[in-house]
């Protein structure tokens with residue numbers, strides 16, 4: 001009797017087991033067609049392989065202290081530009097550097113790009129425009145502007161508060177997809193599910209970064225590193241000067257069936273902020289001021305926020321008019337807003353930002369959160385450590401005065417400084433110099449060539 005399962009039968013079995021036809025067609029079914037494997041049920045989707053044992057260097061207790069022994073680390077890649085962190089800034093940095101023609105690698109601790117924009121479900125892209133001479137001008141252009149344009153071409157991916165089309169709200173799954181698409185098109189090498197834990201130093205210059213993952217501890221070497229972790233994890237590990245601040249820490253959630261609720265009966269104006277999908281709203285949570293680097297405090301807050309959200313939803317569901325509303329999703333990422341801030345070679349002052357002061361090394365124009373005032377030029381020195389070589393910071397952790405933080409940490413400026421860091425890193429590699437020694441005019445020209453707005 002012939003026990004070889006046919007391709008059609010395999011697809012039927014996988015479908016019954018909960019696997020889509022596309023999955024089967026791309027993977028197991030192809031192998032069946034090649035080898036005529038005798039498969040049935042779950043045998044079609046599992047296979048034991050030899051265990052990959054790795055060298056062990058366990059920590060030991062010596063004199064009451066936990067000691068980690070010296071050990072060699074496998075170098076899994078060497079690259080021109082290494083971007084650590086795949087949030088708004090890291091995404092833009094990687095695409096910019098790769099498009100400039102240098103070998104680029106990006107490493108992200110989660111399984112997706114976008115950081116707090118997507119994983120934190122902070123879906124509104126603030127500070128996209130400025131108001132200048134009574135005209136509303138888009139400041140978020142280049143990589144970030146292109147990303148929003150891709151959303152606008154597909155129904156249900158983006159929505160706007162008003163006719164000016166400033167500060168759009170995007171669907172998080174659409175944003176993840178378009179980021180994947182742009183990263184892949186740029187030729188950037190990607191490692192997800194990898195957490196940066198240390199740095200590789202050569203004197204005063206950073207030469208690479210150490211990562212932990214399911215594969216163990218490994219290293220990637222690079223000519224230039226972009227710290228887009230948001231928390232300055234890399235420049236702190238490398239010994240750069242920085243400030244550390246407390247800020248509100250919240251947890252965003254999404255509500256479903258909001259279009260089936262009776263707001264009059266609920267005596268509510270809304271059930272959250274509007275999303276591109278009419279049945280879903282996202283709800284921000286400011287949260288208490290706390291330390292975003294304290295894992296015990298972060299654990300406590302995340303659990304308390306989830307409890308509070310659940311109880312609030314049940315209250316809504318138990319009120320006439322809210323019976324159909326449900327908790328669609330708590331954000332996978334806790335809403336940490338600010339922790340470490342780089343001590344850069346230049347600090348952007350609030351007075352200069354509000355005056356729209358122009359700098360000779362301007363690398364971006366930050367927009368007004370409501371699109372109601374002049375934009376604020378961002379100087380290159382805000383991304384450069386005072387002494388550490390081989391590294392650029394991008395995103396919410398660059399060097400600005402306290403009053404500028406609320407403008408700097410939102411999505412629009414993070415995309416802009418990421419774009420600038422990627423361009424500067426590429427120019428540094430091509431010029432065979434440290435980022436602090438680049439010809440700023442070449443960086444500015446590359447940014448313009450990539451569509452950026454510099455005023």
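The values are calculated or read from the model by the stated rules, or taken from the named source; none is laboratory data. Computed from a prediction, not measured in an experiment: that's the story for all the values here. Please note: Cβ atoms are built from the backbone with ideal geometry, for glycine as well, and neighbour counts cover all protein chains shown.
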Helices (runs of 4 or more DSSP H) contained entirely in the range 365-455, each with at least 3 residues that are modelled with pLDDT of 95 or more, touching a helix residue (DSSP H, G or I) at 6+ places or on another chain (Cβ under 8 Å) and crowded, with 24+ Cβ neighbours inside 10 Å: 411-431
I need the strands (runs of 3 or more DSSP E) fully contained in the range 31-147, keeping only those with at least 3 residues that are touching a residue at least 24 places away in the same chain (Cβ under 8 Å). 75-84, 104-107, 129-132, 135-138
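Every residue, every condition in (1) closer than 19 Å to residue 416 by Cα; (2) surrounded by 20 or more Cβ atoms within 10 Å (Cβ to Cβ); (3) within 16 Å of the chain's Cα centre (by Cα); (4) not assigned by TED's automatic domain parsing to the domain that holds residue 255, yes or no:
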site	(1), (2), (3), (4)
137	yes, no, no, yes
140	yes, yes, no, yes
144	yes, yes, yes, yes
153	no, no, no, yes
160	no, no, no, yes
163	no, no, no, yes
166	yes, yes, no, yes
173	no, no, yes, yes
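Table: residues versus (1) in contact with a helix residue (DSSP H, G or I) (Cβ under 9 Å, 6 or more places away or on another chain); (2) under 30 Å from residue 306 (Cβ atoms).
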position: 224; (1), (2): yes, no
position: 228; (1), (2): yes, yes
position: 233; (1), (2): no, yes
position: 236; (1), (2): no, yes
Out of the residues in the range 178-209 that are in a strand (DSSP E or B) and under 15 Å from residue 105 (Cα atoms), which is farthest from the chain's Cα centre (by Cα)? 207
Answer residue from the range 43-81, given it is in contact with a helix residue (DSSP H, G or I) (Cβ under 9 Å, 6 or more places away or on another chain) and at pLDDT 95 or above and is nearest to residue 417 (Cα to Cα) among those: 81
Find all pairs meeting these conditions: Cβ atoms under 7 angstrom apart; at least six residues apart or on different chains; first residue within the range 184-200 and more than 20 Å from residue 234 (Cα to Cα); second residue modelled with pLDDT under 95 and not in a loop (DSSP other than H, G, I, E, B). none
